[in-house]
Amino acid sequence: MATTTIIYSTSKSYTCVVALVGGGSNPQPGEISLAHNGVLFLDELPEFQRSVLEVMRQPLEDRHITISRAKYTLDYPASFMFVASMNPCPCGYYGDPTHHCVCTPGQIQRYMNKISGPLLDRIDIHCEIQAVPFSELSKMQPGEPSSVISERVIRARKIQTDRFSSLPLGGAREGGRIHCNAQMTERMLHQFAEPDATSMDMLRMAMERLKLSARAYSRILKVARTIADLEGSEKVQSQHIAEAIGYRNLDRGDSCVPSVASDQRSSGAERGI
């Protein structure tokens, strides 16, 4: 049975960049390489030093990390699923109706600015998780079984495997064969995730209004293609594009200013990236 490596880290874990990306006087792989073909989870993302977070940009894009020093040059694999969490502000209570936030707008802005726009561009999905009230917790209603969700994911992955099986070896950015939508190149997006005219109009409007980057455009198409696969849809449709756009809320220009867009924030939310 295949296993998945999960690396969990908090901001206190890293004293230097080497621990994350690897290297050192006696070269060793970092945690992004130890999480290769697995999951790297960073808790309290803004609490990490910005210099540490910025080195994530190359491996998130290229799925490998190149370390060049005076005595050596190394290339480590780093194809991992990056998952992170953060609070809406330093005290954690911004937007919470039951607690008073003690942070100033400047503090919240500085807190959010620790995560750069280029790094956010490389994260496919940004979502806010609402605080669940006691009345909902006490209902104890069963949700969708994990087995059903697992079957749906397996079907979607098989669709993707079959889609890319005919492509030549070496088509992925990091070399080798493409197995999933996240590895698609720009040319493949036009081939496998081209939206129809209605969806393109919706996407163009979102790009202009939200000031999204070209990289965010590609991420939206990849996520929309995956949503369509989960539904068993051959084509990417407008509802898939709309849902994928909804997952880009953290890279909006007004997402971290308390005086605006208050309706876009979840009460007592912790953000999952």
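The values are calculated or read from the model by the stated rules, or taken from the named source; none is laboratory data. It should be emphasised that the depicted structure is a prediction, and the values quoted were computed from it without experimental measurement. Backbone-built Cβ (ideal geometry, glycine too); neighbour counts: all protein chains shown. The protein model used for the area step is the full one, side chains on, heavy atoms only, and it has no ligands, DNA or RNA in it. Shrake-Rupley method; radii C 1.70, N 1.55, O 1.52, S 1.80 Å.
Annotations
- Qualifying residue in region 93-108 (condition: under 23 Å from Q183 (Cβ atoms), at pLDDT 90 or above and hydrophobic (A, V, I, L, M, F, W, C)): no
- Check on H99, surrounded by fewer than 19 Cβ atoms within 10 Å (Cβ to Cβ), within 22 Å of S116 (Cβ to Cβ) and in contact (Cβ under 8 Å) with a residue 24 or more places away in the chain: no
- Cβ separations smaller than 9 Å between residues 6+ apart or across chains give the following pairs from region 178-205 residues that are within 19 Å of S79 (Cα to Cα) and open to solvent by less than 80 Å² (accessible area, probe 1.4 Å) to residues that are part of a helix (DSSP H, G or I) and of a type in the set (S, T, Y): C180/T161; C180/T226; N181/T226; A182/T226; M184/S218.
- The single condition among (1) assigned to a loop (DSSP other than H, G, I, E, B); (2) without any contact (Cβ under 8 Å) to a residue 40 or more places away in the chain; (3) hydroxyl-bearing (S, T, Y); (4) closer than 23 Å to A35 by Cα that S166 does not meet is (4).
- In the set (1) over 21 Å from the mean Cα position of the chain (by Cα); (2) among the aromatic types (F, W, Y); (3) open to solvent by less than 40 Å² (accessible area, probe 1.4 Å), the condition left unmet by Y72 is number (3).
- Filter pass, I129 being exposed (fewer than 13 other Cβ atoms within 10 Å of the Cβ), touching a residue at least 24 places away in the same chain (Cβ under 8 Å) and hydrophobic (A, V, I, L, M, F, W, C): yes
- Being more than 21 Å from G246 (Cα to Cα) and basic (K, R) is not true of R204.
- P29 being surrounded by 15 or more Cβ atoms within 10 Å (Cβ to Cβ) and at pLDDT 90 or above: yes
- Within the set R152, R122, R163, the sole residue that is within 24 Å of I65 (Cβ to Cβ), open to solvent by less than 90 Å² (accessible area, probe 1.4 Å) and among the basic types (K, R) turns out to be R122.
- Qualifying residue in region 55-69 (condition: touching a helix residue (DSSP H, G or I) at 6+ places or on another chain (Cβ under 6 Å), surrounded by fewer than 19 Cβ atoms within 10 Å (Cβ to Cβ) and without any contact (Cβ under 8 Å) to a residue 60 or more places away in the chain): yes
- Candidate set: region 207-248, residues that are assigned to a loop (DSSP other than H, G, I, E, B) and free of Cβ contacts under 8 Å to residues at least 40 places away in the same chain; chosen: the one surrounded by the most Cβ atoms within 10 Å (Cβ to Cβ): L212
- Counting only helices (runs of 4 or more DSSP H) that fall entirely inside region 17-128 and contain at least 1 residues that are closer than 28 Å to A244 by Cα, the qualifying elements are 31-34, 50-54, 57-62, 105-113, 117-121.
- Top-ranked residue of region 133-146 - restricted to ones that are part of a helix (DSSP H, G or I) and open to solvent by 70 Å² or more (accessible area, probe 1.4 Å), ranked as nearest to N181 (Cα to Cα): S146
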